[in-house]
Every structure is written in C-alpha cells, then in structure tokens.
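Engineer: Mind having a look at this structure? Questions to follow.
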Amino acid sequence: MNDFEARDVDVVVVGAGQAGLSAAYHLRRTGYVPDRDFVVLDHAPGPGGAWQFRWPSLTYGKVHGMHALPGMELTGADAGRPSAEVIGGYFARYEEAFDLRVHRPVDVTAVRDGEGGRLRVETSEGVYAARALINATGTWDRPFWPRYPGQGTFRGRQLHTADYPGPEPFAGRRVVVVGGGASGTQHLMEIADVAAATTWVTRREPVYREGTFGEAEGRAAVALVEERVRRGLPPRSVVSVTGLPLNDAVREARARGVLDRLPMFDRITPTGVAWDPDAEGGRGRTVDADVILWATGFRAAIDHLAPLRLREPGGGVRVDGTRAVRDGRIHLVGYGPSASTVGANRAGRAAVRDVRRLLEREPVAA
C-alpha cells in the first residue's frame, strides 16, 4: 500500500496498550473483522504497550494495580519477575487469543480530513481512509521535562523516568529526584539504598493515602480529572489526585528520612541545585548533585491529531465520554479520566459503542 492507494476501513485504532487492545477486543466482539473492517496500528516493537519499557527493578509485585484486559484474566504471574516481562507476555497472549492482528512497528504521522467525509490516516505503512478513529496512544512517548534557570549549565547527568534504568547506575552518586508521584517515590526508595546521598524535591507537599482505595474513592478521583477534560484543559493523571499509598515500604522510607521532602529549587547550578534566600522552605540552601532524575510525568501523545484542530484554548481536547467534541469521528481512550487500567477498559468499550452508532448513522461514501 503506497501513499496513492489509501485503503478503506471503518475504524483505525492507534495504539495497542491497555486502551487500544480493549477497543480492538470490543470491535471484534461486535462483529468487526480485523484487517478488513478495522486495523490496529502500534509503533512499539512488540506487545505490552508502555509496560514493555518499564525499568527492570519494577517487578510485577510492585505494580500499583493492573486491571485485567476484557475477556482474559492475568493469572499465575510471578510477583518477582519484571513487570515488563509479565505484562508484555500477557498482552502478547491476548493479541493471539483474540486474533487482533496488530500492525507493528507502525508510526502514525498525521490524521487529516480526507475525501467523502473520511479521515486520512497517514502512517509509515501507507494511508488509511477511515470512517472513525480510536486514539489510544497514551503518554509514554511524551515525557514532560520542566525548565529551570541554569539547566543547561549542569555538569552532571539529567534523565527522565522514561529512561530510568533501575538503581544500580546511581551507586555512589549524589542524586536529586524531582517529582511527588508514584514513580518518583519508587525511584527514590530504590536509589537511596545504593546512592551516596539523595534529595527529594516536589512542587506540592506530598499527600499520603491510608486504608483501602475502593470504588467510591476511585469514582471521586476520576471525576476530578474528568472535570478538567470537560473544560478543555490538559488532563491530570488519575494518580495525581489519588495520593500516595501509605504502605509498609513507604512507612519504612519515611522513618529513615528517605522521603523527607524539600520544596522545588529555584535554579540549577553547574554542580547541583539551589534555592533563593527568600524561598519558602529553601532559605538559600544549595545541594550538590551528580544526577538529576526528573520523575515529572508525561503528556498525552496526540501530536498526529494536530491537523484536525481538536485542542481548545485551554490546551486540552474537550471530550464527551470518549468522543472529541470538535470531531465526532475521533475517540480518545486512555486520555484523562480513562488513563488507568480499569478506566482504559471501560473507555474502549464505550468508544466502540459510540463508533457503532456513528457508522450505522453515516452512509459509506461512494
């Protein structure tokens, strides 16, 4: 298939992580045939979504909740094995069990208005002309790097969670970990066992969550994220509004002083980080560092949708359920309130339900 031979399909699913596979499963169940009625395109080298890129020390037992894909449970997993291996293998078995025929590695470069009311989906394997598109590209490909004065002068190493290799390379080093989410605390607790010194800095005072996190608490957290998306603002992750689970490992790290947090520094120096004299909690201090690890999260990977002008003035894409308000042919799953494993499953089902209604209502262009 070349650029001049666009292939007609009803639905293109972009991304084969949790949300994309959920959508593909529900398309299959509904009667759509893969590689005839719909295609699943994934730019990753293998199954597993973003999980395949997780650091080796993140074992399956340390994962904060992994909801099974629809129609097939993940059973008998070894808690001591790397999550990349466990979940990558599970996704591979899932794709095979339901014959989802994921195309990979395929890059989707742009989605534009095409002829006859179709979407022109431009990819590294050619062009698809689709009646609808389910976008499930997640966030892993867009790590967020904050910018601070002096950042370019730092003589040490800077890296992001996306490139975190595990704790061993930090042995004997002085490490500043930036970020108050689950990844930041996990990195910090691992690194503290081998580093010469660690410093933890966050923009906000960490909030710890004790006790169980049930359905009611989950709904409340999702509602906070959903409200931002409805207003067309960039979504915050669901995790950012749930707080940090106060488990035994976190309690022990707090008792050892590993999780003693400092407010954000004001600038980066060639040898570390520094706070202004009048900074709250900083009082002009400096910290020498060999490494700055940015555990500062990710942004939605939706640049390929830019030609459709879906973004609102606030910077986000306003969605109604999963449907983009500015273009009903586009559904975003794993975005905003559905950016969790259980949310991704539900969003995949909801998107397919709405896409079916759209396709039944819209005649196929001649």
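Engineer: Specify the residue with the greatest mean-square fluctuation among D276, D141, D107, computed from a Gaussian network of the chain linking alpha-carbon atoms under 10 Å apart.
Structural biologist: It is D276.
Engineer: Count the net charge of all other residues whose Cβ sits under 12 Å from the Cβ of D288, scoring Lys and Arg as +1 and Asp and Glu as -1.
Structural biologist: +3
Engineer: Then there's this: Going by average Cβ neighbours within 10 Å, how do the peptides 254-261, 90-97 rank, with the highest at the top?
Structural biologist: Result, highest mean first: 90-97, 254-261.
Engineer: Normalised by the residues of the range 48-98, what does the relative contact order come to in percent, with Cα pairs under 8 Å and at least six apart?
Structural biologist: 52 percent
Engineer: Mean separation of Cα pairs under 8 Å and 6+ residues apart, divided by the residue count of the chain: what relative contact order is that in percent?
Structural biologist: 22 percent
Engineer: Would you mind telling me which residue in A324, A129, A344 has the biggest mean-square fluctuation in a Gaussian network model of the chain, where springs connect alpha carbons within a distance under 10 angstrom?
Structural biologist: Of A324, A129, A344, the Gaussian network model singles out A324 as fluctuating most.
Engineer: Sticking with this structure for a sec: Within 10 Å, Cβ to Cβ, of G31, how many net charges do the neighbouring residues add up to if Lys/Arg are +1 and Asp/Glu are -1?
Structural biologist: Computed value for this residue: +2.
Engineer: Filter the chain for me: DSSP H helices, axial length by Cα at least 20 angstrom, mean Kyte-Doolittle hydropathy not below -1.0. List them by residue number.
Structural biologist: For the chain, where a helix must reach 20 Å along its axis and average at least -1.0, the hits are 83-97, 215-230, 341-361.
Engineer: Rank V287, V121, V355 by mean-square fluctuation in a GNM of the chain with C-alpha springs under 10 angstrom and give only the top-ranked residue.
Structural biologist: Of the options given, V287 has the highest mean-square fluctuation.
Engineer: Counting Lys and Arg as +1 and Asp and Glu as -1, what is the net charge of the other residues whose Cβ lies under 10 Å from the Cβ of G156?
Structural biologist: +2
Engineer: So for the pair V207, R93, with labels modelled 7 Å out along Cα→Cβ, what separation do we get in nm?
Structural biologist: So the label points at V207 and R93 sit 3.8 nm apart.
Engineer: Ranked by Cβ crowding within 10 angstrom, fewest neighbours first, how are F154, F170 ordered?
Structural biologist: Ascending number of Cβ neighbours within 10 Å: F154, F170.
Engineer: Two decimals is fine: what's Rg over Rh for the chain, C-alpha atoms, Kirkwood radius as Rh?
Structural biologist: When Rh is taken as the Kirkwood radius, the ratio is 1.00.
Engineer: Sticking with this structure for a sec: Have a look at the DSSP beta bridges in the chain and tell me what percent are antiparallel, nearest 5.
Structural biologist: So the antiparallel bridges amount to about 40 percent of the total.
Read-outs throughout are calculated quantities, based only on the coordinates presented, and are distinct from any laboratory measurement. This structure is a prediction, so every number in the text was calculated from the model and none was measured. Glycine gets a Cβ as well: all are built from the backbone with ideal geometry, and neighbour counts include every protein chain shown.
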